[in-house]
Amino acid sequence: MAKKKGNVYGSVVIYERTSKGTSIGRNPKKVNSMNKHNQINSFTNTSPKISNFNKLIINQATWINEDFIKGLVSVIIPVYTRNVLIKKAIESIYNQSYRPIECIVIDDGSTDNTIKTVENVIGQNTDDTFKIKLIKQENSGAPSARNNGIKNASGEFIQFLDSDDLLCPDKIKDQVSVFQNQAKIDGVYGNWHHGTIESHVLIKGEKWKDSIDQFYGGRVIHTLSFLFRRSFINTIGPWDESLKRNQEVDYFLRGALAGGNFEYLPKLTGLWREHDGDRIMTSSGALGALAFHDKWIAEFQRLNVFTKERQKTAAQYLFWHAMELETQHKSTAINYLNKAFNLYPYFPEFNTYKMKILRSITGNQLSLRCWYYFAKSKNID
């Protein structure tokens, strides 16, 4: 790996071509925008050589094309009104030490200059091993945009990236190497940073024995960290467009239930960015999260895999999100508190001496209603 001075997220690092080959690790140069395309390192000595990059026969037999271009990595970016951030995201893909790559940007009905920004980036690109596609759709949400991107992807491997996040330069190269060495691997993930470009913390992906427990309530892997084999994307199926929250957790859980073989490579993959445009949890968001947990409680029960530990995890999530609901949703909140109590009746909040007395007199539901009104009046979360 080439050594890079300064902050890897603060600029684009490129490698100079010489008559002796690519100067990996010898003379890295920094640029602040996507120019000097003739200097980008295509790693032709390690990446598959693609002669038919633009030739693809489409097979409509499955929900995505079964045919693909061997060695090609398709990076799918859903974007909605992020004119300032989208360029940096694309630059982090352009700066990958792996080639060939296609970057598929799905504009989800942006209301700012996002489309113009992407079109300008496309106009600047002269690298034949790096293609950018811009696809426009009506505002339908990130899962719909990702599904649209998958249907238009030609790569053997699929990378999802949110429009406000960044990839490390060797992320794709490192993970493709795992696929090349292990034919039975369906997905590879690693570590990532969380924070800003200037200040961030390291989050380790970890490897659990049970992927379902890892993704549901354990170490949730960030979307940017994963690279998937295309064939397994077809196995998982489309992203659930009905979900408003936790779509990536749903996607990974479905992958685990499908028997996915996921490999943890303990290397840095990218930056999950915090910025001024970040959303905060609102009642709408909490309702979306509760809908996700309703879906998976029913799924675990249907498959007879709803262990006591998963019941406890589900109950904790129901409790937290119910308390995030604003007072106009009090009936919904109380119903979910009751569901949480039925799944896991050992919450400390529900087992104080006073609550036990109240519950013995009024029953579970009325005592929970009294506790809820008291907690909200005291602003207890």
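Any read-out appearing in this document is the output of simple, stated calculations on the displayed coordinates, not a laboratory observation. Predicted model, so just to flag it, every value in this text is computed and none were measured. Every residue, glycine among them, receives a Cβ derived from its backbone with ideal geometry; neighbour counts consider all protein chains shown.
Some notes on this structure:
- Relative to the current alpha-carbon distance between residue 327 and residue 354, full extension at 0.36 nm per residue lengthens the span by 7.3 nm.
- Per-peptide average of other Cβ atoms within 10 Å, ordering 300-308, 203-211 highest first: 203-211, 300-308
- Potential lengthening between residue 116 and residue 152 on full extension [0.36 nm per residue; Cα-Cα distance subtracted]: 10.9 nm
- Residue list for the stretch 323-341, given a label point 7 angstrom along the Cα-to-Cβ vector of residue 364 and an amide N cut-off under 19 Å: 323, 331-341
- Long-range HN-HN contacts of residue 160 with modeled amide H, under 5 Å: 76
- Scoring 267-275, 92-100 by mean Cβ neighbours within 10 Å over their residues and listing the highest first yields 92-100, 267-275.
- Taking label points 7 Å from Cα along the Cα-to-Cβ direction, residue 346 and residue 242 give a separation of 3.3 nm.
- In a DSSP loop and with at most 16 other Cβ atoms within 10 Å, the GluC sites (Glu not before Pro) in the stretch 231-269 are 241.
- Reference-scaled alpha-carbon Rg (2.2 N^0.38 Å with N residues) for the stretch 283-377: 1.08
- Pairs from 209/312; 295/376; 87/171; 173/267 whose Cα-Cα separation, in the structure shown, is over 22 Å: 295/376
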